[in-house]
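Just below is one structure, and these are the notes that go with it.
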Amino acid sequence: MEQQLDLLAEKVERVSALVAALRAEKSALAERLLAAEAGQAALQRSMEAARERVEALIRRLPEGKA
């Protein structure tokens, strides 16, 4: 009986360690996701600004003679 309890205690410890590792991994992934989302938003702003500059340049081009 004592051997079974020791085995059970060992399994509980392993599960507890696994849960802790998974929580840490989840936290790290959440941080990476936030950073990726922030990076994506910055790239979208840069692309929008570049598009606006290109459109402004196009408007300044002389009209072609038809």
Checklist entry - Using Cα-only point scatterers and the Debye equation, what is log10 of I(q)/I(0) for the stretch 1-58 at each q in 0.12, 0.24, 0.27 Å⁻¹, rounded to two decimals? => result -0.56, -0.90, -0.97
Checklist outcome for this item: Scalar couplings 3J(HN,Hα) for the stretch 4-10 by Karplus 6.51 cos²θ - 1.76 cosθ + 1.60 (θ = phi - 60°), nearest whole Hz, x for Gly and Pro, are 5, 5, 4, 5, 5, 4, 5
Item to check | In nm, spacing of pseudo-spin labels at residue 43 and residue 55 (7 Å Cα→C-beta vector) | outcome: 2.2
Checklist outcome for this item: Applied in sequence order to the stretch 11-17, the curve 6.51 cos²θ - 1.76 cosθ + 1.60 (Karplus, θ = phi - 60°) yields integer Hz couplings, x standing for Gly and Pro, of 5, 4, 5, 5, 5, 4, 5
Item to check | Net charge dipole size for the chain [Lys, Arg +1 and Asp, Glu -1 on Cβ; Debye, nearest 20] | outcome: 720
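Values in this text are rule-based calculations from the coordinates and carry no lab data. Quick caveat, the model's predicted, so the values are computed rather than measured. Don't worry about glycine lacking a Cβ; one is built from the backbone with ideal geometry, like all the others, and counts go over all protein chains shown.
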